[in-house]
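Below you'll find the structure, written out as structure tokens, and then a few comments.
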Ligand code: BV8
């Protein structure tokens, strides 16, 4: 795992807003919904080659294999159900402003009821043209796409997913939300992938910072590590925060 950059980097301006919670989630939060993670024993990148299936070069070399890989994941993600962790995060909206910044490409946060979700790495349920800096996007939910299905601009439709070597989406927005949160809850990510993992360092010094995972090689400075399953730990945390806010 790449080392976590030192904390004395320039911080975006922004005062922590007392009732703002920002959740930074990764594939581990969807594991209990039956969706695979990436780097665990049976993770996707231990089964498939990300270089071949989640990179622009792989798309150029064999687009059919890439489309098949994402068609299968899109169908599975569309069949999956939100779990107790997704639902607990959505329930916090009863008493807090909650922004979910996710590396995940499934829609389980939205389907659990979260109303403000920022996808850094794109969404399985969307596809886009395969050329240009601001391609047209289409929502296809759980449907497959095939070679020959074209965007209005005439280019082959591709998954609206951020591959390795491609710029992540909404990063500045995500950075601002982390910097103005009174609480930062990191759930189900190995903090391997950048620049997403660098978001943790933008949390305010006075913010409450919690990290939930099955295991964590190196716990970031200032974060409280709660080891265990998201589906068990996050509902307890949410209940405590709701009680503190006087909500039941
Ligand atoms: C870019 C596609 C530049 C979507 C993914 C420094 C700065 C910037 C870039 C880099 C850098 N160093 C290296 C890079 C390059 C690269 C990178 O980070 N490489 C890594 C491998 C070292 N980054 C990039 O290429 C990024 N792009 O920087 O572009 C640029 C700039 C301007 C203009 C042009 C270009 C793009 C990164 C996005 C790549 N796309 N996937 C898809 O197919 O799904 S990454 C992939 O990893 C997924 O998106 C995933 O979300 C993400 C992170 O993985 P995790 O979610 O953390 O999953 P993982 O398996 O690792 O861990 C699971 C965790 O869950 C574990 O901690 C486990 O304990 C826990 N867990 C499991 N079960 C449970 C649980 N916890 C609780 N409960 C459970 N039940």
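Can you pull out the residues in region 33-52 that are under 15 Å from the mean Cα position of the chain (by Cα) and assigned to a helix (DSSP H, G or I)? Residue satisfying the conditions is 33 alone. Just the residues that are away from the ligand (no atom under 13 Å from the Cβ) and surrounded by fewer than 18 Cβ atoms within 10 Å (Cβ to Cβ), please, taken from region 205-222. Passing the criteria: 205, 206, 208, 221, 222. Restricting attention to region 201-227, the residues being more than 21 Å from residue 88 (Cα to Cα) and touching a helix residue (DSSP H, G or I) at 6+ places or on another chain (Cβ under 8 Å) number 4. Of everything in region 163-192, what is part of a loop (DSSP other than H, G, I, E, B) and surrounded by fewer than 20 Cβ atoms within 10 Å (Cβ to Cβ)? Give them in sequence order. Of everything in region 163-192, those that are part of a loop (DSSP other than H, G, I, E, B) and surrounded by fewer than 20 Cβ atoms within 10 Å (Cβ to Cβ) turn out to be 163, 164, 165, 166, 167, 168, 169, 170, 192.
Mind checking whether some residue in region 175-185 is near the ligand (Cβ under 7 Å from one of its atoms), touching a helix residue (DSSP H, G or I) at 6+ places or on another chain (Cβ under 9 Å) and assigned by TED's automatic domain parsing to the domain that holds residue 104? Looking for residues that are near the ligand (Cβ under 7 Å from one of its atoms), touching a helix residue (DSSP H, G or I) at 6+ places or on another chain (Cβ under 9 Å) and assigned by TED's automatic domain parsing to the domain that holds residue 104, one finds none in region 175-185, hence no.
Total residues in region 145-160 satisfying the condition of being exposed (fewer than 14 other Cβ atoms within 10 Å of the Cβ) and within 24 Å of residue 104 (Cβ to Cβ): the figure is 0. Yes or no: residue 55 in contact (Cβ under 8 Å) with a residue 12 or more places away in the chain, more than 8 Å from the ligand (Cβ to nearest atom) and not assigned by TED's automatic domain parsing to the domain that holds residue 148? Answer is no for this residue.
Residues checked against (1) crowded, with 21+ Cβ neighbours inside 10 Å; (2) in the same structural domain as residue 245 (by TED's automatic domain parsing):
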{"site": "94", "(1), (2)": "no, yes"}
{"site": "97", "(1), (2)": "no, yes"}
{"site": "100", "(1), (2)": "yes, yes"}
{"site": "105", "(1), (2)": "yes, yes"}
{"site": "108", "(1), (2)": "yes, yes"}
{"site": "111", "(1), (2)": "no, yes"}
{"site": "115", "(1), (2)": "no, yes"}
{"site": "131", "(1), (2)": "no, no"}
{"site": "134", "(1), (2)": "no, no"}
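Yes/no matrix, rows are residues, columns are (1) part of a helix (DSSP H, G or I); (2) free of Cβ contacts under 8 Å to residues at least 40 places away in the same chain:
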| residue | (1), (2) |
| --- | --- |
| 64 | yes, no |
| 67 | yes, no |
| 71 | yes, no |
| 82 | no, no |
| 88 | yes, no |
| 93 | yes, yes |
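Please indicate, with yes or no, whether at least one residue in region 133-148 is assigned to a helix (DSSP H, G or I), free of Cβ contacts under 8 Å to residues at least 24 places away in the same chain and either under 23 Å from residue 211 (Cα atoms) or in contact with a strand residue (DSSP E or B) (Cβ under 9 Å, 6 or more places away or on another chain) (or both).
Taking region 133-148 and keeping what is assigned to a helix (DSSP H, G or I), we get none.
No, region 133-148 has no match at all.
When region 120-132 is filtered for residues that are more than 20 Å from the chain's Cα centre (by Cα) and touching a residue at least 24 places away in the same chain (Cβ under 8 Å), the ones remaining, listed by number, are 129, 130, 131.
Going by the structure shown, is residue 231 near the ligand (Cβ under 7 Å from one of its atoms) and within 19 Å of residue 122 (Cβ to Cβ)?
No: the conditions fail for residue 231.
Restricting attention to region 193-204, the residues that are more than 16 Å from the chain's Cα centre (by Cα) and either part of a strand (DSSP E or B) or within 13 Å of the ligand (Cβ to nearest atom) (or both) add up to 1.
The values are calculated or read from the model by the stated rules, or taken from the named source; none is laboratory data. Values in this document were obtained by computation on a predicted structure and should not be read as measured data. Every residue, glycine among them, receives a Cβ derived from its backbone with ideal geometry; neighbour counts consider all protein chains shown.
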